[in-house]
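Chemist: Dropping the structure in here first, questions after.
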Amino acid sequence: MKKFTLLFVVIFIFQSALYAQFEVTGSDDFGRLFDVTYDANVPNKVYAVTLGNHIVVSEDNGASWDILYSLFIGQGASIRDLKLSPDGTALTFSAYLPNSSLNEIRIYDIATAAIVKSFPLPNQMDSAYVTSYDFYDGDTDILLVDTNFPVGMSTEGKTFYTADGGNNWNMIYYTNDHDTVFLNDVAISPNNPDKIFLTRGNGSTGVDGGLFVSEDAGQTWEEKLPGIILDPISFDPANHQHVLMGTGISFGGTVENLYKSIDGGENFNIVPITWTAGILDCINVISFNENNPSQIIVLEENEIAISEDGGNTWENFVYPDDDPQSYYYGLQASYNPQNSEEIFISANYVPLFSSDGGETLSWSKSPYFVSTGNIDMYLNGANANLYYGVQFGYVHRDLNTGTDTPYDIVPLNIFSNTPGQTQYADKVTPNRVYTFSSSFMGSSLRMSNDNGATESELLMIFANRLTAVATFPNAPQTILAAFGGFEPSETQLKRIDFSDINNISVTDITLPSLDYIHEILIDATGKIIMPVGIEVYSSMDGGTTWTNNSSGLEVLGANDLIFDLQRDALDNNRMALASSKGIFMSEDGGENWMRKTTSLVFNVAFSTETEGAMMASTYSSEFSEFTLHYSTDGGETWASINNEQLLGIGSGSSAYLFGENSVTAFIGSFDLGLVEYTVDLNVAGFPDFGNGDKEIAIYPNPASEVLNISLKNSSVNRVTLYTLLGAKVLDREDTSRVDISNLAVGTYLVRVLDSNRKLFFKKIVKQ
């Protein structure tokens, strides 16, 4: 398992890998990385972006990766078009959040690990987003950026230029002023900040393509190659008069060609390369080797063209159409500054690596995939199984051996940004897993007794989702399965008896009300307890009759839902449910409920090892960020691990592995794959940070040298400081003045034990 360090945008936290609590541990057979870019100065150091909101870094030429930077602008955010600055000191990228005014260009300083400059878009109130951009080589205050934005049911584009770091912008191109022709790429001449190039694509008025060139920062334009749809443009780093440009996607309207200029873009000639026929017939990337400009690589749809002599001669390498494991649709190419034969190619599906100048390619693996479906777990003594969704199927992990075995996985050229199938571990029978997949032709519920190696179909049904499944402990070949549709009224509950797998019995259970069912509990006596919508019901006769056990849940309204219901394995009378209005607890077996928290929570779990320890999760949604919650006093008080501490991950599923003094949350994330976050129960369970403000003061805050602690009704017994990830960094007794001068800059949690054995918790900032 790989350890990952954390670098916050707003807060910089230093921690040793020894104390790392955040781990990415999913299989690397499904990883996706984009914009793979070599560092200009550090040998074998490589940067890349995930399919979401993270920049990752490798110090060993792509053999292993760490998380470098997380983008915190909202759920669904992504990092796009990562580039290394010409001087090699910074990374630049566009920050994207759909349908928002938060989109911008950012500059990340490599030395300080911080964002040093942001460029909010001048038309950000239009919900504009970046389609392409270019900084002037000699000055990052000079920026050219093309944007698109929605207008009703259509899209428009505007292009802007700034010469003063974004203080003032000039709009230099508007699609509505130029026959609705959109831009494919923009560039500033490396040796002249006023010389601008715009490559144009398709329009809607019968006018397409053409290269626009300006010598006066976009005030006036001259068109080259009119009517030809063009896309990438690149300059020879040793000779800026040498310019290469390629045709873009034209759907047959433009003959595919590579164009060359030796006079700075005044005149272009076709480079004599014979391209094979493909589906799109487009050139995507033209990349010069910065340290050896005689080397050039051109990425086409399904072929790669390489020149070793500055573009005088070329060799083509053709690949099968749409093959994710060889090459298809390159998006970026980066030469290793220390070895000109090594190239990273970011393709449409996975990153590819070449050690021979681009002639042969191998898949560069990583664990950063889109987690699909859900996560579930079976734990009973020596038998410990984890099931996590990926690529429309799932992976079974034996938690004792760490062995991953995939099932029902679809090829990587099928993007897995939909839930795919779901899988539920049978909580009674080890190694048994239920899987459910839905399609237009109907849905299938299947069962496996060997973790997925073989399966038997239990039921064909017209339903969208399997929402809950539970086994009768006294009849382990009989289950209750709940199915959901688009509306609550489509909910179905079925009793399925597969004691004779060749003669499966299915019985419809009449529900007390028609609403969503997200959990079912069945105890050893056969008693059923389950939430239906915003109410909890129980049955002692297999679902023939139902009793409403919703006392204390009256605060839940018509727009609320109960998402989870769990029983404490160490106290059968204690139960907890998670809802859109927080966590509710019961001490009498689920007959009466007491509200403990007020905010949206999607699942809740009791420790199987330590009395009073609990975990819960709030998933990513339109209204919430992924957050972990924990308690050590049986749910009376809760604390949270916020989304920044969790590196801004998005997730819709999690499961928990409790130890005696810790708990590990297994999280299915939207772009980092399977994530593990470990909570140290020795420092968990404290109340909210604001409690006790009238009894304690810690000052100054922020502080650089000394913290002073003042207690109103007691004295200080012990002071302990932790990082926000739980690593202890300082421990002092019987002092109200604490020297913090040796601590790294960042935010810390201060734990104060007073002379009355009362605990206080505060956040402080070390400057």
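Chemist: For D39, enumerate residues with amide H under 5 Å from its amide H, sequence gap 5+ or separate chain, H modeled in the peptide plane.
Modeler: Counting only residues 5 or more places away or on other chains, the set is K45, V46, Y47.
Chemist: Take the alpha carbon gyration tensor of segment 40-96, find the square roots of its eigenvalues, order them as a ≥ b ≥ c, and report rounded if a/c is under 1.5; if not, report prolate when a/b exceeds b/c, else oblate.
Modeler: Oblate is the answer for segment 40-96, as a/c is 1.5 or above yet b/c matches or exceeds a/b.
Chemist: Could you rank the peptides 33-44, 258-269 by their average count of other C-beta atoms within 10 Å per residue, with the highest value first?
Modeler: Output ranking for 33-44, 258-269: 33-44, 258-269.
Chemist: Additional query: Can you tell me the FRET efficiency between S294 and N316 if r is taken as the Cβ-Cβ distance and R0 is 25 Å, rounded to the nearest 0.05?
Modeler: So, using R0 = 25 Å, E works out to roughly 0.90.
Chemist: Another question, if that's okay. Would you report the distance distribution of C-alpha pairs in segment 696-766 as whole percents per 5 angstrom bin, up to the bin with the largest distance?
Modeler: 4, 18, 33, 27, 14, 4, 0
Chemist: Tell me, Kirkwood radius of the chain from alpha-carbon pair distances, in Å?
Modeler: Every distinct Cα pair counted, the radius reaches 28.9 Å.
Chemist: Direction-averaged shadow area of the convex hull around the Cα atoms of segment 448-587, nm²?
Modeler: 9.3
Chemist: While we're here: Less than 9 Å Cβ to Cβ from I279, Lys/Arg counted +1 and Asp/Glu -1: what total charge do the surrounding residues give?
Modeler: Result for the local shell: -4.
Chemist: Can you tell me the FRET efficiency between N383 and V151 if r is taken as the Cβ-Cβ distance and R0 is 56 Å, rounded to the nearest 0.05?
Modeler: Between N383 and V151 the formula returns 0.45.
Chemist: Here's a follow-up. Rounded, prolate or oblate: which one fits segment 140-257, using the alpha carbon gyration tensor with axes a ≥ b ≥ c (rounded when a/c is under 1.5, else prolate when a/b beats b/c, else oblate)?
Modeler: In terms of gyration-tensor shape, oblate.
Chemist: Here's a follow-up. I'd like the distance separating the alpha-carbon centroids of segment 511-574 and segment 162-234, in whole Å.
Modeler: Centre-to-centre distance over Cα atoms comes out at 62 Å.
Chemist: List the relative contact order of segment 696-766 as a percent without decimals, with contacts defined as Cα pairs under 8 Å and 6+ residues apart.
Modeler: Here the relative contact order equals 34 percent.
Chemist: Order these peptides, 104-112, 280-288, 66-74, 665-673, by their mean beta-carbon neighbour count within 10 angstrom, highest first.
Modeler: Per-residue Cβ counts within 10 Å, averaged per peptide and sorted highest first, yield 665-673, 280-288, 66-74, 104-112.
Chemist: Also: Could you pull out the pairs from K596/K712; K158/K195; K712/K763; K728/K766; K494/K527 whose alpha carbons sit more than 24 Å apart here?
Modeler: K596/K712
Chemist: Quick one: which of 214-227, 516-529 comes out on top by average Cβ neighbours within 10 Å, and what's the full order, highest first?
Modeler: With the highest mean Cβ count within 10 Å placed first, the list reads 516-529, 214-227.
Chemist: Given a Förster radius of 45 Å and the C-beta distance between A744 and S101 as r, what FRET efficiency does 1/(1 + (r/R0)^6) yield to the nearest 0.05?
Modeler: 0.85
Chemist: Quick one: what does P(r) look like for segment 122-189 with 10 Å bins over all Cα pairs, in whole %?
Modeler: Histogramming segment 122-189 at 10 Å steps yields 22, 54, 22, 3 percent.
Values in this text are rule-based calculations from the coordinates and carry no lab data. All figures in this text were calculated on a predicted structure; none of them were measured in a lab. Positions of Cβ are backbone-derived with ideal geometry, glycine not excepted, and every protein chain shown enters the neighbour counts.
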